[in-house]
Amino acid sequence: MADFNSIHRLLVSYLLFFFLVKSNSQLVVCSADVKCTDAERRALVGLREGLTDPSGRLSSWVGQDCCTWKGVKCHDQTGRVTKLDLRNPYQLINGGAGDPTAYKRSCLGGKINHSLLHLEYLTYLDLSLNDFEGLEIPDFFGHLRNLRYLNLSFASFAGEIPPRLGNLTSLQYLDLYADSYSSTRLRKLRSGSLQWLSALSSLNYLNLGFAKLDSIGENWLQIFNMLPSLVDLRLHWCELKGLPLSLPSINFTSLSVLDLSENSFNSVVPRWLFNLTDLTELYLTWDFFSGSIPAEFANMKNLQVLDLSDNLNLEGQIPGLFGNLSTLQILDLSANNFHGEIHELFGGFSSNPNNKLQSLDLSSNTLTGELPESLGLLKQLQHLFLSGNSFWGSIPSSIGSLSALRKLDLSYNMMNGTIPESFGQLSQLVGMNLVANSWKGILKEAHLMNLRRLQHVRLSTDPTISLAFSVSYKWFPPFKLKSIQLENCMVGPSFPVWLQVQNELNSVILKNVGISDSIPGKWFSEVSVQVTYLVLSQNQIRGKLPPQLQFPYLNVVDLSSNYFDGPLPPWSTNATDVFLQENSFSGPIPENIGVLMPRLQKLYVSRNNLSGRIPSSMCDLEGLQILSLRNNKFSGELPNCWYRSLTLWGIDISSNSLTGNIPSSFGFLSSLSVLLLSNNNLEGEIPSSLQNCSGLTSMDLGGNKFSGSLPWWVEKLSSFFMLCLRSNFISGPIPDQFCNLQNFHILDLSHNKISGPIPQCIGNLTALVHGKSSEVFEGLIKVVTRGRDPEYSSVEANVNSIDLSGNYLTGEIPDEITSLSALRILNLSSNFLSKNVAEKIGNLRLLESLDLSHNHLSGAIPQSLTSLASLTRLNLSYNNFSGRIPLLPKFNDSSIYDGNPLLCGAPLPTKCPDK
């Protein structure tokens with residue numbers, strides 16, 4: 001053994017000597033001591049000095065050996081820098097910069113030094129995901145002739161793409177994708193000509209997404225057709241002008257990926273596409289192609305991803321030819337105008353039982369019919385999206401055969417059947433969305449018992465249809481949910497165990513599910529730790545909420561329309577939307593609510609038993625948008641501190657016991673749109689500071705003790721929709737300025753002390769003449785009141801109405817009022833109006849209610865009333881009308897004409913004298 005070891009050592013020594021003394025040696029000896037050259041180290045230092053680096057990513061760029069610096073790679077024998085990878089390492093969230101501040105802090109920026117040119121052997125340069133804030137791509141990049149990889153995507157470069165990049169003849173990968181995660185979108189990256197690309201014959205990958213290419217002409221495709229090595233071409237949202245329908249020859253036949261999406265070509269699908277037989281992925285979304293889908297897609301045997309979604313002009317029936325694409329894995333035809341049934345599509349798959357389809361998206365079309373049993377032939381299917389169509393009937397029982405299915409979306413259809421028990425065989429199902437349909441029937445344990453991977457459940461039905469969970473109270477499910485949405489499904493009356501064990505939920509919607517139990521404390525405590533969205537509305541849940549619970553991440557909570565009592569709970573400091581209306585909560589609003597919930601945007605606590613004063617810390621909520629305190633027992637004066645509220649646009653504190661004046665600081669609420677303070681004990685004049693609320697559309701101050709004159713300044717509010725001042729002590733005339741309100745739809749000045757004539761200019765109320773749309777204004781009121789209060793739940797019933805009753809108005813009814821042809825309700829009763837009613841009152845063709853009672857009107861009742869087909873309510877009593885009553889068959893109640901002794905004819909017993 002010793003002799004063998006000696007021989008072995010001798011042999012090794014001899015070989016080492018041979019390599020070291022070999023004359024004119026051309027063999028480079030590898031050494032761990034190889035370092036970068038001084039010139040390249042200085043070049044990198046120059047680059048670093050020109051860059052901004054707020055997070056210190058380049059802090060390792062010190063010392064003599066630049067090969068050890070982060071992002072720098074050298075040749076392991078020569079020490080020359082070959083790779084520079086400065087891609088931003090920020091971890092994106094769902095493909096975006098979740099925290100813009102953190103993202104910006106991790107970005108490199110500034111200027112790119114010319115010293116980079118000293119890196120003569122550089123083959124790889126990546127500056128992606130940084131923020132160069134509109135810097136032009138350096139022209140000298142075109143001198144880095146050894147580059148094979150250049151990635152400048154998502155780096156906020158702008159300006160003209162330098163044509164000198166065409167000198168990089170070794171380039172294989174070029175990514176200039178010009179979208180940005182920067183918080184400010186700067187000027188675009190653009191190119192007026194792409195001729196420089198023709199020299200890049202080695203290019204495999206090219207991405208010019210979001211670069212503005214609208215000036216390169218209509219023959220732009222010929223440029224890319226000259227790149228025979230191109231495998232992946234991405235031209236997403238480049239504003240390209242026209243898509244050539246033909247090419248003399250096809251040179252880029254190696255294309256595997258082609259993305260032409262979001263260019264709005266407005267043409268038919270070009271036939272040359274079908275010569276690209278190596279395509280595996282094709283994206284044509286939002287290109288507005290027209291016509292039906294060519295059958296040639298069936299011949300593209302390598303196609304794995306076909307995305308034609310959002311081509312709103314693609315129409316016709318979906319052909320079954322897709323079933324012949326044996327390698328097709330992803331088929332996206334969403335957001336088109338396909339109609340008819342889909343039996344033919346699935347029939348195509350029946351002839352190809354070995355199909356590899358994994359994702360099918362037919363959402364947002366106009367497809368109809370029942371889902372066929374042949375759906376079960378898609379054995380490899382993982383994602384099925386059919387939302388936003390008009391499918392009806394039941395889910396086919398064959399769905400249980402889709403053993404690989406992970407996501408199912410049938411939302412927003414007309415499904416009016418049942419969910420089969422075979423649904424419970426989908427053991428891989430992670431998410432199901434079945435909302436906005438009309439499901440019926442019973443869901444048993446068999447529907448749920450094998451759904452082991454289920455995490456997200458969304459299910460709703462029409463409230464008039466019976467869909468119920470029929471599982472034993474103590475049944476224990478196999479799944480742990482992350483989110484649940486059940487609406488109008490019977491789950492109660494108890495809070496079942498299968499829900500109580502779902503303690504990992506971050507989103508909970510159990511709306512109108514028939515629960516009349518109290519909330520299980522253990523479950524509530526467990527979900528409170530991570531829940532962000534909590535909706536338990538429209539049940540009969542009772543009891544007090546545990547005061548000690550903390551909700552660190554809760555944003556939205558809706559417990560409305562239940563039987564909760566006790567004090568208001570201290571919700572999360574992250575809470576933005578709080579809906580607690582229609583319960584039995586009592587006590588005051590916490591004095592420090594501005595500290596407890598500093599991010600609060602919407603607070604709905606109407607129709608409870610809350611009392612005390614409205615705390616002044618409410619004024620500290622700078623993001624508050626809606627404050628709804630209607631129908632409680634609040635007292636005292638409104639706080640006069642509304643100087644910091646920047647977004648408050650809806651206030652509803654009606655039906656309380658408030659006293660004092662309207663705060664002058666309301667005039668600082670520049671965003672205020674809806675102000676509802678009716679049925680309190682407020683007094684004083686309506687403050688003129690409200691004219692500073694330029695967006696004010698609706699104001700209801702009725703049922704208070706306001707005095708003074710009418711607010712003439714409302715003419716400055718061009719969007720004014722509703723003014724209700726009924727039952728106050730307001731006096732003086734109706735100002736002519738009211739006639740300038742072009743969007744006035746509701747005017748209620750009843751039961752005040754208003755005097756003088758009705759302005760003749762009343763015919764200038766344009767919205768009541770032409771019937772301008774009021775939906776936007778009605779919607780604003782409904783949002784503030786949640787549409788639940790009887791007074792405003794049907795605000796549309798009072799649209800286009802004028803009520804001036806119970807005042808001291810004198811003079812005649814102006815003829816101009818008859819030009820308000822869109823008027824539906826007119827009440828001028830209990831005034832001192834006199835003279836005749838204009839015969840033209842029949843021009844109010846949409847009039848539904850007319851009350852002229854208790855005035856001093858005289859003359860004949862206008863015959864034109866007989867032409868008002870919409871009229872359902874009429875009162876002309878206690879005036880001085882005379883003569884024959886017009887024939888009004890719908891109004892046979894004699895009390896309509898009481899107090900007019902000179903009237904005759906039906907329905908009065910007094911007969912008219914024969915002429």
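The values are calculated or read from the model by the stated rules, or taken from the named source; none is laboratory data. Being a predicted model, the structure only gives us computed values, none of them experimental. We place every Cβ from the backbone using ideal geometry, glycine too, and count neighbours over all the protein chains shown.
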Original post:
Given the conditions (1) assigned to a helix (DSSP H, G or I); (2) at pLDDT 95 or above; (3) not β-branched (V, I, T), and given that S153 satisfies all but one, which numbered condition is not satisfied?
Top reply: (1)
Original post:
Any residue at all in segment 67-84 that is within 18 Å of A178 (Cβ to Cβ), assigned to a loop (DSSP other than H, G, I, E, B) and hydrophobic (A, V, I, L, M, F, W, C)?
Top reply: no
**OP:** Scan segment 856-865 and give yes if some residue there is of a type in the set (G, A, S), part of a helix (DSSP H, G or I) and modelled with pLDDT of 95 or more, otherwise no.
**Re:** yes
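Within segment 580-595, does at least one residue satisfy the condition of being acidic (D, E), crowded, with 22+ Cβ neighbours inside 10 Å and out of contact with any Pro (no Cβ under 8 Å at 6 or more places or on another chain)? Let's see the steps before the verdict.
Going through segment 580-595, the residues acidic (D, E) turn out to be 582, 591.
From what is left, the residues that are crowded, with 22+ Cβ neighbours inside 10 Å are 582.
Retained after the next criterion (residues that are out of contact with any Pro (no Cβ under 8 Å at 6 or more places or on another chain)): 582.
Scanning segment 580-595, I find at least one residue that is acidic (D, E), crowded, with 22+ Cβ neighbours inside 10 Å and out of contact with any Pro (no Cβ under 8 Å at 6 or more places or on another chain), so the answer is yes.
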Original post:
Does S773 satisfy the condition of being out of contact with any helix residue (DSSP H, G or I) (no Cβ under 7 Å at 6 or more places or on another chain), surrounded by fewer than 17 Cβ atoms within 10 Å (Cβ to Cβ), in a loop (DSSP other than H, G, I, E, B) and hydroxyl-bearing (S, T, Y)?
Top reply: yes
**OP:** Out of the residues in segment 69-93 that are among the β-branched types (V, I, T) and at pLDDT 95 or above, state the one that is surrounded by the fewest Cβ atoms within 10 Å (Cβ to Cβ).
**Re:** T82
**OP:** State whether one or more residues within segment 407-422 are under 23 Å from N355 (Cβ atoms), assigned to a helix (DSSP H, G or I) and of a type in the set (A, V, I, L, M, F, W, C).
**Re:** no
Original post:
Which strands (runs of 3 or more DSSP E) sit wholly inside segment 442-536 and have at least 2 residues that are farther than 15 Å from G431 by Cα?
Top reply: 467-470, 507-511, 533-535
**OP:** Report yes if some residue within segment 779-798 is outside any helix (DSSP H, G or I) and farther than 24 Å from Y604 by Cα; otherwise report no.
**Re:** no
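Identify all residues within segment 605-634 that are in a loop (DSSP other than H, G, I, E, B) and among the basic types (K, R); write none if there are none. Step through it out loud before you land on a result.
Of segment 605-634, the ones in a loop (DSSP other than H, G, I, E, B) are 605-608, 613-615, 621-625, 629-632.
Across segment 605-634, the qualifying residues are R607, R613, R630.
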**OP:** Please find, among S877, S882, S805, S821, the residue that is part of a strand (DSSP E or B) and either surrounded by fewer than 17 Cβ atoms within 10 Å (Cβ to Cβ) or at negative phi (or both).
**Re:** S882
Original post:
Looking at E591, is it out of contact with any strand residue (DSSP E or B) (no Cβ under 6 Å at 6 or more places or on another chain), modelled with pLDDT of 95 or more and in a loop (DSSP other than H, G, I, E, B)?
Top reply: no
**OP:** Restricting attention to segment 208-248, report how many residues are under 30 Å from the mean Cα position of the chain (by Cα) and of a type in the set (F, W, Y).
**Re:** 2
Original post:
Quick check: is even one residue across segment 270-281 more than 22 Å from D214 (Cα to Cα), under 30 Å from the mean Cα position of the chain (by Cα) and modelled with pLDDT of 85 or more?
Top reply: yes
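Yes/no matrix, rows are residues, columns are (1) touching an Asp or Glu at 6+ places or on another chain (Cβ under 8 Å); (2) within 16 Å of L610 (Cβ to Cβ); (3) not β-branched (V, I, T):
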| site | (1), (2), (3) |
| --- | --- |
| V531 | no, no, no |
| S537 | yes, no, yes |
| Q548 | no, no, yes |
| F551 | no, no, yes |
| N555 | yes, no, yes |
| F585 | yes, yes, yes |
| P588 | no, yes, yes |
**OP:** Looking only at segment 694-709, decide whether some residue is under 34 Å from the mean Cα position of the chain (by Cα), modelled with pLDDT under 95 and part of a helix (DSSP H, G or I).
**Re:** no
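Condition check ((1) assigned to a strand (DSSP E or B); (2) at pLDDT 80 or above; (3) surrounded by fewer than 23 Cβ atoms within 10 Å (Cβ to Cβ)) across all residues:
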{"residue": "I318", "(1), (2), (3)": "no, no, no"}
{"residue": "L321", "(1), (2), (3)": "no, no, yes"}
{"residue": "T327", "(1), (2), (3)": "no, no, yes"}
{"residue": "H339", "(1), (2), (3)": "yes, yes, yes"}
{"residue": "F349", "(1), (2), (3)": "no, no, no"}
{"residue": "S364", "(1), (2), (3)": "no, yes, yes"}
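Given the condition free of Cβ contacts under 8 Å to residues at least 40 places away in the same chain and touching a Phe, Trp or Tyr at 6+ places or on another chain (Cβ under 9 Å), answer yes or no: does some residue in segment 117-131 qualify?
Keep residues of segment 117-131 that are free of Cβ contacts under 8 Å to residues at least 40 places away in the same chain, which gives none.
There is no residue in segment 117-131 that is free of Cβ contacts under 8 Å to residues at least 40 places away in the same chain and touching a Phe, Trp or Tyr at 6+ places or on another chain (Cβ under 9 Å).
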